[in-house]
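Student: I have a structure here, written as structure tokens, and I will follow up with some questions on it.
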Amino acid sequence: MYKNEGLSQKVVKTFQNIIYSYFKQYGREFPFRKEISPYNVVISEMMLQQTQTNRVAEKFQQFIRAFPDFQALANAPFNDVLKAWQGLGYNRRAVALKAIAEKVISEFDGVLPADVEVLKTFPQIGHNTASSIVAFAFNIPTFFVEVNIRRVYIYFFFPGKSSVRDNLIIPIVRKTLDRSNVRKWYYALMDYGVMLKKTHPELTKKSAHYRKQSKFKGSTREIRGNILKLLLENKSLMESELIKKLKINPELLSEILSLLIKEGFIKQEDNQYSIA
DNA sequence: CTCCGGTAGT
DNA sequence: ACTACCGGAG
């Protein structure tokens, strides 16, 4: 629709108007867009990594009710945090979230830094998450791309192109950002991208960064999830009990258990495994 | 069965 | 550049 080069003031304005007029009519409402605080934004953005918004919405409310602020999360037993996380997947985010809360308390006087580079030093917070936290929590300009935003820019600025790299998209994100309302702009951009997924599903694959996911069934991801679920239900279990319940090759189980220990999920005390 | 997705490690 | 990491919806 528009040429990448040039990007006149008028083109930027037109683009913004298209995105905003869609948002005005069809913008999505979420609990994590209603009650905005640095803490709530950190929780929701961590949950939203690799996880659909509808699944996050309910878990988010339960989570912030159980752990209302950085101090509460830092003080909470890891077992409780992991339990509250069940259903979201990628449990290492729960480990990270508690570590993030502890770091905010111990190194930043309980106040979340409004700085992308500083946030990137926190566990499981990369460029995108750091940028979205600063944008949504503080309404401060940042520049980032995720799948929905990617679709929007490929659709408007790279029509017919494939293997579009993010380093071509980011400069356009910079030029088209509505600096007068960063938070609303990124909400609108993402919502437009979600709509495009339905009307133009092929756009996702036009990114150079698109990857087809590997099978879940029979994977170690599945086994890891099942081990943690069992240990949340049973307090502690012996290796032999886990072998029985999971019907798994003992050598594979033993490998996975030592990784789970190393990653801070579980601990081993005289032959009994339990949540760390 | 297939689809989705950001970070970190290699 | 490639892969491991999860769980739910369709």
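No lab work stands behind these numbers, since they all come straight from the coordinates. Quantities reported herein were computed from a predicted structural model and do not represent experimental measurements. Positions of Cβ are backbone-derived with ideal geometry, glycine not excepted, and every protein chain shown enters the neighbour counts.
Student: Rounded to the nearest whole Å³, what is the per residue volume of the convex hull around the Cα atoms of segment A:220-275?
Tutor: Enclosed volume per residue, from the Cα hull, is 69 Å³.
Student: Could I ask something else about it? For q values of 0.13, 0.18 Å⁻¹, compute log₁₀ I(q)/I(0) with the Debye formula on a Cα-only model of segment A:158-276, without solvent.
Tutor: Evaluating at q = 0.13, 0.18 Å⁻¹ gives log10 I(q)/I(0) of -0.72, -0.87.
Student: Using the Cα centre of chain A as the reference point, and only Cβ charges (+1 on K/R, -1 on D/E), how large is the resulting charge dipole? Debye, rounded to the nearest 20.
Tutor: Numbers: 42 positive and 26 negative charges, 300 e Å.
The dipole magnitude comes to about 1440 debye.
Student: Order A:262-270, A:153-161, A:47-55 from most to least packed using the mean count of other Cβ atoms within 10 Å.
Tutor: Numbers: A:262-270: 13.6, A:153-161: 17.2, A:47-55: 15.3.
Output ranking for A:262-270, A:153-161, A:47-55: A:153-161, A:47-55, A:262-270.
Student: If each residue of separation counts as 0.36 nm, what is the full-extension length gain between A:N167 and A:E58 once their alpha-carbon separation is subtracted?
Tutor: 35.8 nm
Student: Quote the FRET efficiency, to the nearest 0.05, computed for A:T199 versus A:F143 with a Förster distance R0 of 30 Å and r equal to the Cβ-Cβ distance.
Tutor: 0.70
Student: Please compare each pair in A:K10/A:K175; A:K83/A:K212; A:K98/A:K262; A:K247/A:K267; A:K229/A:K267; A:K120/A:K197 to a cut-off of 18 Å on the Cα-Cα distance and tell me which ones are over it.
Tutor: As for pairs spanning more than 18 Å Cα to Cα, those are A:K83/A:K212; A:K247/A:K267; A:K120/A:K197.
Student: What nm value, rounded to one decimal, do you get for the distance between A:F78 and A:E241 when each label is placed 7 Å out toward the C-beta?
Tutor: The modelled label-to-label distance comes out at 1.9 nm.
Student: Follow-up question, since we're still on this one. Under 10 Å, Cα contacts only: if you run a Gaussian network model on chain A, which one of A:T204, A:T220, A:T129 comes out with the highest mean-square fluctuation?
Tutor: A:T220
Student: Return the FRET efficiency for the residue pair A:I248, A:S274: r is the Cβ-Cβ distance, R0 is 22 Å, and the value is rounded to the nearest 0.05.
Tutor: E(calc), rounded to 0.05, equals 0.75.
Student: Here's a follow-up. Find the eigenvalues of the gyration tensor of the Cα atoms of segment A:9-212, then list the square roots of 5 times those eigenvalues as equivalent ellipsoid semi-axes, largest first, in whole angstrom.
Tutor: Gyration-tensor ellipsoid for segment A:9-212: 31, 18, 16 Å.
Student: Please work out how much length the chain gains when fully extended from A:R174 to A:K120, using 0.36 nm per residue of separation minus the C-alpha to C-alpha distance, in nm with one decimal.
Tutor: 17.5 nm
Student: If you don't mind, another one. Sort A:68-74, A:146-152 by packing, meaning the average of other beta carbons within 10 Å per residue, with the highest value first.
Tutor: A:146-152, A:68-74
Student: Calculate the dipole size of segment A:48-114 relative to its Cα centre from +1 charges on Lys and Arg beta carbons and -1 charges on Asp and Glu beta carbons; express the result in debye to the nearest 20.
Tutor: 340
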